[in-house]
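The values are calculated or read from the model by the stated rules, or taken from the named source; none is laboratory data. Keep in mind that this is a model prediction, so the values were computed, not measured. No Cβ is skipped: glycine too gets one built from the backbone with ideal geometry, and neighbour counts run over all protein chains shown. We work out accessible area using only protein heavy atoms, side chains counted, and drop any ligands, DNA or RNA first. Shrake-Rupley method; radii C 1.70, N 1.55, O 1.52, S 1.80 Å.
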Amino acid sequence: MADVSAYRPAWLTGARLASLRRWVAVPVSGGDGTTTAIAPFDARPAVPVPACTPADVEEAVARSRIAQQRWAELSYAARAEVVLRFHDLLVERQDEVLDLIQWEMGKARFHAWQEVLLLGNVTRHYARHGQSYLRDRSVRPAIPVVTRARELRLPKGVVGIISPWNYPLYLGVGDLIPALLAGNTAVGKADEQTPLTLLWARALMAEAGLPEHVWQVVSGDGPVIGSAVADTVDHLCFTGSTATGRLVAERAARRLIGTSLELGGKNPLIVRADADPDMAARGTAEAAFANSGQMCIHIERVIVHEDVYGAFTAALLAATSGQRLGQGFGYDYDVGPLAGRAQLDRVEAHVRDAVAKGATVLAGGRARPDIGPYAYQPTVLADVTEDMDVCLGETFGPVIALHRVNGDAAAIAAANLGRHGLSASIFSANTGEAEAMARRIRAGAVNINDGAGLAIGTVEAPMGGRGDSGLGRRHGAEGIRRFTDAQTVAVSRLGPVGPPPGARAESFVTLGNRQLRLLRRLGIR
C-alpha cells in the first residue's frame with residue numbers, strides 16, 4: 001500500500017495540513033497518537049491526524065465551560081456576526097472544502113456542494129431569525145394583575161456534537177451553528193473517516209472571529225472518544241446509526257442530560273396511480289442514488305401502484321442507466337464510490353442475499369473495481385420480500401427495491417412496515433390527497449412530488465425522525481431551542497401568594513373556588 005493517496009488535493013501542502021491539524025484539541029496527550037483514514041478514490045491512506053484521549057476530551061470540555069461564560073455574555077447580534085462572516089468565507093472558499101469532502105468521503109462533487117448549500121442556508125436562517133425563537137415570552141401569571149410571569153431561554157452550557165462521515169460539513173457544523181448562537185460552547189467529535197473536513201471548518205470559523213475554546217474539535221476512536229464526550233458535556237447531539245444511538249441515549253440518560261438523535265432510516269417513496277411516471281422516476285433516481293445512497297433520508301423502498309408500475313419501472317430504469325458512475329474532483333459524475341470497504345461489503349451482502357432468496361436485478365447489482373475500489377452500480381431490485389435483508393434493513397448504498405401495490409391503503413401499510421420513521425415521499429397529481437396520505441405515514445418528514453431534499457431544505461421547519469429514527473429535531477424553532485433550558489420567572493407585587501396573615505384558610509378556599517367558576521364562565525384559560 002502506498003504511503004499516501006494519489007488524490008490528495010494539490011493545495012493541501014504540508015504547511016496547510018499543519019494549520020488544520022493544530023485545531024485538534026489535545027491539551028493533555030499532546031497528540032502523540034494518530035489515526036489515518038483510507039481515501040475511497042484509491043483505497044490508500046489519507047494523512048495522519050492527532051488522536052485524542054479521554055483525558056484530552058475532559059480538558060477540552062473544561063476549557064469550553066470556562067469560555068461559555070464570556071460567550072453567553074455577548075449579545076445575540078455579536079454572535080451572529082461571527083457566524084455570518086463564516087458563511088461568507090465558506091461561500092468564497094468552497095472549492096477547498098469540496099476537495100476535502102470528496103477526497104475523504106468519495107461523493108460526487110455536486111453532492112459535496114449541496115453540503116455548502118445546506119449549511120449556508122442554516123447559518124443565515126439562525127443568524128437572522130434565531131433570536132426570535134429564543135426571545136423572552138410573557139405568559140399568563142398565576143394571579144392576574146398582582147403577579148406577572150415570563151419564560152426565558154438559557155443556554156445548556158457545553159454541547160457535544162458527534163457527527164458522521166456521510167455529510168461531514170453539513171452535519172458537523174449545521175448543528176453547531178444554532179448551539180453557538182443560543183450561547184453555548186461546543187466540543188465536536190470528528191468522524192475518523194472525515195476529520196479534515198471538520199478541521200477545515202474550524203480553521204475557517206477562527207478566521208471569522210470565533211474564540212479558540214468556544215468550539216473545540218476532538219478526534220480518534222469513535223467508541224472511546226464519543227463516550228468521553230457523552231460523559232462530560234451538558235447536552236449531546238448525535239447523528240448516526242440506530243444501534244449506536246441507543247448506546248448514546250443510554251449513556252446520556254445515566255447523567256440525566258438531554259439528547260437530540262437523528263438515526264437510521266428505511267425511507268419509502270409512494271407512486272400513486274395518478275402520478276406522472278417520468279417525474280416520479282426522475283425524483284426516485286435523484287433521491288436514491290444521491291451521495292451514492294449514503295444518506296439517512298435517501299429512498300430505499302419504492303411502492304408503486306399497479307396501474308403505473310410498468311410505465312414507472314421503464315422510466316426508472318432509463319433514469320438509472322443515465323447515472324454517471326465515476327470518481328474525480330470535477331462535476332463530471334452523478335454517483336461517486338462508496339466511502340469504504342465496510343460500506344461496499346454491506347451493499348454487496350444485501351444484494352447477494354436478496355438474489356439468493358428470489359429477488360430480480362433490473363439494473364446494476366455489482367461492484368465496478370475498474371472505476372474505483374469501492375464503486376458500485378446504481379441498482380434496482382424487484383420481487384423483494386420481507387425475509388430479505390434489503391427489505392427493511394438499512395442498506396445505505398445505491399440500491400432500491402420496487403414493491404407493487406393495488407391502492408393507497410396498501411401503499412401506506414407498506415410504507416409503515418418496520419420501526420424506522422425518518423423520511424418519506426409521495427408522487428401524485430392530486431397534492432391535496434397526497435397531503436392527506438402524509439398524515440398516515442410514520443415519518444418525521446414527507447416530501448410530495450420530490451424525492452428527499454425538499455423537507456430538509458426547508459430550514460424553517462423541524463426535521464427529525466419517529467420510531468427508531470431518533471429523538472428531537474434540527475432546523476426551525478426546535479432546532480435551536482433544544483440547546484436551551486426553559487426558565488420561568490414569576491413576580492408578585494404583593495408578596496407571598498396565599499391567605500393573608502390572620503385570614504382563615506376556609507375563606508381563602510371559598511374565594512379561590514369563586515374565581516375558578518368565574519374564569520370558567522368567562523372562558524379564560
Q. Given the conditions (1) open to solvent by 30 Å² or more (accessible area, probe 1.4 Å); (2) at positive phi, which single one is not true for Gly365?
A. (1)
Q: Would you check if Arg148 is of a type in the set (Lys, Arg) and in a helix (DSSP H, G or I)?
A: no
Q. For residues in the stretch 125-158 being over 27 Å from Ile456 (Cα atoms) and aliphatic (A, V, I, L, M), which is least open to solvent (accessible area, probe 1.4 Å)?
A. Ala149
Q: Take Gly457 and decide whether it is in contact with a strand residue (DSSP E or B) (Cβ under 7 Å, 6 or more places away or on another chain), at pLDDT 95 or above, surrounded by 10 or more Cβ atoms within 10 Å (Cβ to Cβ) and not polar (S, T, N, Q).
A: no
Q.
Exactly one of these conditions fails for Ala55: (1) in contact (Cβ under 8 Å) with a residue 40 or more places away in the chain; (2) over 21 Å from the mean Cα position of the chain (by Cα); (3) part of a helix (DSSP H, G or I). Give me its number.
A. (1)
Q. Among the residues of the stretch 247-266, which ones are touching a helix residue (DSSP H, G or I) at 6+ places or on another chain (Cβ under 8 Å) and at positive phi?
A. none
Q: Look at the stretch 24-70 and say how many of its residues are within 28 Å of Ala182 (Cα to Cα), modelled with pLDDT of 95 or more and surrounded by fewer than 22 Cβ atoms within 10 Å (Cβ to Cβ).
A: 11
**Q.** Test result for Val304, over 23 Å from the mean Cα position of the chain (by Cα) and buried (at least 18 other Cβ atoms within 10 Å of the Cβ)
**A.** yes
Q: May I ask you to list the residues in the stretch 223-249 that are farther than 16 Å from Gly467 by Cα and among the charged types (D, E, K, R)?
A: Asp231, Asp234
Q) Which of the residues that make up the stretch 480-515 are on the phi > 0 side of the Ramachandran plot and open to solvent by 80 Å² or more (accessible area, probe 1.4 Å)? A) Gly502
Q: Enumerate the pairs (first residue in the stretch 25-50 and farther than 27 Å from Tyr376 by Cα; second residue anywhere and among the small types (Gly, Ala, Ser) and not in a strand (DSSP E or B)) with beta-carbon separation below 6 Å, excluding pairs fewer than 6 apart on the same chain, so at least 6 apart or on different chains.
A: Ala25/Ala60; Val28/Ala55; Gly33/Ala51; Thr34/Ala51; Val49/Ser219; Pro50/Gly31
Q: Kindly indicate whether Ala354 is in contact with a helix residue (DSSP H, G or I) (Cβ under 7 Å, 6 or more places away or on another chain), closer than 22 Å to Arg44 by Cβ and either assigned to a helix (DSSP H, G or I) or among the hydrophobic types (A, V, I, L, M, F, W, C) (or both).
A: no
(Q) Anything in the stretch 225-247 that is open to solvent by 20 Å² or more (accessible area, probe 1.4 Å) and under 29 Å from Gln69 (Cβ atoms)? List them, or say none. (A) Ser227, Asp231, Thr232, Asp234
Q: Among residues belonging to the stretch 159-215 that are more than 17 Å from Ala78 (Cα to Cα) and among the polar types (S, T, N, Q), point out the one that is most open to solvent (accessible area, probe 1.4 Å).
A: Gln193
Q: Name, by its number, the condition in (1) over 23 Å from the mean Cα position of the chain (by Cα); (2) among the aliphatic types (A, V, I, L, M); (3) under 24 Å from Asn121 (Cβ atoms) that does not hold for Val49.
A: (3)
Q) Being at pLDDT 95 or above, buried (at least 21 other Cβ atoms within 10 Å of the Cβ) and within 19 Å of Trp103 (Cβ to Cβ), is that true of even one residue in the stretch 320-329? A) yes
Q) Out of (1) among the acidic types (Asp, Glu); (2) open to solvent by 10 Å² or more (accessible area, probe 1.4 Å); (3) assigned to a strand (DSSP E or B), what's the single condition that is false for Glu348? A) (3)
(Q) Just the residues that are of a type in the set (S, T, N, Q) and in a loop (DSSP other than H, G, I, E, B), please, taken from the stretch 203-255. (A) Ser219, Thr232, Ser241
